[in-house]
Every structure is written in structure tokens, then in C-alpha cells.
Amino acid sequence: MSGPVAPEAVAAALPELWSPRVVAELDDSYVKVARVHGTLAWHSHDAEDELFYVLKGRLRIEMEAATVELGEGELFVVPRGVRHNPVATEECLLMLIERKSTLHTGSEVTPKTRSLAEQLRPLP
């Protein structure tokens, strides 16, 4: 990946919902974008934090102890080990920063779970 990237434009062009795509690498982390709507799944990442940044729209991150509502330009870090469920009542564009070892839905496997190979596919 070389050259500038417009995360919001890349996310908007993604054909699938809840299917993050890697747009950059930073040390031991990936920068990903996603187009989301609806609910992903309750899951956690035992060894990794996960940063959600809203490019467009609104995102609710449900956690067992609290719920966080994010608007455009806001970010939140879900700490490692915290069960969470991202929800977007309308289409939302996200940027995520995660360690390269982070599994999409942690140890939970659902029809929406994407492998790292799927996330590394060439961008549209």
C-alpha cells in the first residue's frame, strides 16, 4: 500500500457490510475501514485493544457494563477482554486500528466473521 488513502471514500465503496478491509499498516497494527449497518456480534479480543473511529454516521458500542454512542469524528477504544457489540441503526463508515493478531469477531464465529485473508483482499 503506497500513496495517500481516503478512508471515507474507500469505506463508502466497499460492497459488503461488516467486512473490514486493510488500508494501511503501522508497525504491528492494521488500519482498516468498514461500511456497517445493523449488528455485528457480541465478542471480545482477549489480548488486543480495538479502536473505532466514525468517519460518517453514528455507531453504538454495547458493552456489558456500559454503552457508548459515537458520532462523526469521534473515536473510542474498547479495552482488551471487554465483550462488546457494535451496532449501527443506519449505514455508518468506520476506521479501525487493531493489532495484526486481532481476529475479526474474537473467538466467536458468525456468518459475518471475516478472515484476515478476506480483510487483506485488494480494494475495489
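Listed values, structure above:
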item	result
The stretch 63-90 - residue that is exposed (fewer than 15 other Cβ atoms within 10 Å of the Cβ) and touching a His at 6+ places or on another chain (Cβ under 7 Å) and, of those, nearest to Asp49 (Cα to Cα)	Arg80
Filter result for Ala24 (surrounded by 14 or more Cβ atoms within 10 Å (Cβ to Cβ), out of contact with any helix residue (DSSP H, G or I) (no Cβ under 7 Å at 6 or more places or on another chain), free of Cβ contacts under 8 Å to residues at least 24 places away in the same chain and more than 13 Å from His104 (Cα to Cα))	yes
Qualifying residues in the stretch 1-14 (those that are part of a loop (DSSP other than H, G, I, E, B) and hydrophobic (A, V, I, L, M, F, W, C)) - the one surrounded by the fewest Cβ atoms within 10 Å (Cβ to Cβ)	Met1
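Residue by residue, here is whether (1) in a strand (DSSP E or B); (2) in contact with a Lys or Arg (Cβ under 8 Å, 6 or more places away or on another chain) holds:
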{"position": "Glu16", "(1), (2)": "no, yes"}
{"position": "Lys32", "(1), (2)": "yes, yes"}
{"position": "Phe52", "(1), (2)": "yes, no"}
{"position": "Val82", "(1), (2)": "no, no"}
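Rule-based calculations on the coordinates, nothing more; no lab input. Source: prediction; values computed, not measured. In this analysis, Cβ positions are derived from the backbone assuming ideal geometry, glycine residues included, and neighbour counts consider all displayed protein chains.
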